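Input: a single structure, listed below in structure tokens.
The values are calculated or read from the model by the stated rules, or taken from the named source; none is laboratory data. Predicted, not measured: the structure shown is a model, and the values here were computed from it. Positions of Cβ are backbone-derived with ideal geometry, glycine not excepted, and every protein chain shown enters the neighbour counts. Protein only, heavy atoms only, side chains kept; ligands, DNA and RNA dropped before computing areas. Shrake-Rupley method; radii C 1.70, N 1.55, O 1.52, S 1.80 Å.
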Amino acid sequence: MKSLIEEWKYVAGSKFLLTIFIGPLIAALFFGLMFSKNQISKSPVIVIDEDHSAYSRQLISKMNASQYMKVTNVIANRMDPETLLANEQAVAVIMLPNQLELRKLQGKSSNIGILMDNTMPSGLMGIRTAIQEILTTENMTLSMTRLGQSGMDAETAKGHISPLSLQQRMLFNPTTSYVDFMVLGFVNIIVLMMTTSAAGSIAPRLRKERKLLANGVSPVQLWVRSVPYSVLSTFSLILSYGLLKQVGNMRFEAETYLFIIPLLVYSFALSLMGILIGYTAKDTSKVGSRTSLVLYPSFLATGIQLTPLAFPMFFQVTAWALPMNWLNRLIRGMAFRHGSLTAYSLEIGALLVIIGVASLLIGLLMLREARKTNSPVEQRQIPAFYPSAIKTEEPTTC
């Protein structure tokens, strides 16, 4: 209890108390507003119309009416599409061939070309879907018209042309909102960086103050000192998620009082991992660089920007040791899919395993340091590490 009170007093007077709330909230507000548009619409495209017919102009009007693209220019003569894409005037060039209307009247097929600039794939979102929808609708209309002219009724004609139809529905993130994965990941990364850096400084700070082994070699004293960082990080995340829901329309279906439970477990695992990483640091200034051992793998392999399924199995298994991997799964499960707490016992159990392993390793490091400190060689070297341990004897007078 004494260690816990001391750590709360230290945290209350440190910068961590303000930064753990201000940093994530600023990120949530800035990125939440920045990506609140949810998806890219009306991507600019250029059409090369070699047919110059009423039918080609009709197709261009349908393309421009799509919610996914905007026809910024129509060029009458053939030219190199790469020239049009060079200065990012458009993200795609659509080519309508010569004799398009004539071949339609003759019942012949035509090829419509589309060349897309894939240097920034996010700019192409929806263009291929829109073109496919326009062409599918146009093909069905033309086919049903021809079958209707032969005396077949509309329902029978539709059955011949399209006996099967597809109905699809996007669940949980229907608008492909960046807030629900990219922005959320940025906020989680900021909290991870701050928490691991602050918790990782506990052992070097106590070692400098000669308090690290003052109460024995049990890891419980460090275990208890991680509580303030865990609690503050949990409430910082809850506030940030609430802000993202308000300004960025982030989906969050879980009950807040229930979601605090896995967040506390996650923050506790993160704090202990920070203590483990920073334990052997000579001073607190060396801890920040060590957090990259958790920071970069968490950003790359835990599903912030790219699904873990895209990685080889080795990297998927490696990510199991990272607390954020299980936090992201809990968010996708409880917050986005409105899953119950009991349905995600695997994720919570994995975080508890990380807590146990980190506590064990911290205990072994403390035991090793205690043995080295108590050895005769180390005892002779104690003044070099702890100058305050040098005692000056008063001269005796006879």
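Some observations on this one:
- Global geometry of region 75-131, whether rounded, prolate or oblate, following the gyration tensor of its Cα atoms and the 1.5 cut on a/c: oblate
- Proximal aspartates and glutamates to LYS2, defined as alpha-carbon separation beneath 18 angstrom and excluding residues fewer than eight positions away on the same chain: GLU209
- The residues of region 205-328 expose on average 46 square angstrom of accessible surface per residue, using a 1.4 Å probe on protein heavy atoms.
- Carbon and sulfur %, accessible surface of the chain computed with the full protein complex present, 1.4 Å: 61 percent
- Here the Gaussian network model covers the chain, with springs between Cα atoms less than 10 Å apart; of SER236, SER36, SER53, SER53 fluctuates the most.
- Computed label-point distance, nm, for sites LEU341 and PHE30 using a 7 Å Cα→Cβ extension: 3.5 nm
- LEU346 - accessible surface, heavy atoms, 1.4 Å probe, Å² rounded to 10: 110 Å²
- Across the chain the C-alpha pair distances fall into 10 Å bins from zero in the proportions 4, 17, 20, 16, 13, 11, 8, 5, 3, 1, 0, 0, 0, 0 percent.
- One Cα centroid belongs to region 192-230, the other to region 257-303; the line between them spans 13 Å.
- Eligible lysines near LYS42 by straight Cα distance, threshold 17 Å, same-chain separation 8 or greater: LYS62, LYS70
- In nm, spacing of pseudo-spin labels at HIS52 and LYS282 (7 Å Cα→C-beta vector): 7.9 nm
- Shape parameters for region 1-88, alpha-carbon atoms, Rg then Dmax in Å: 27.4, 85
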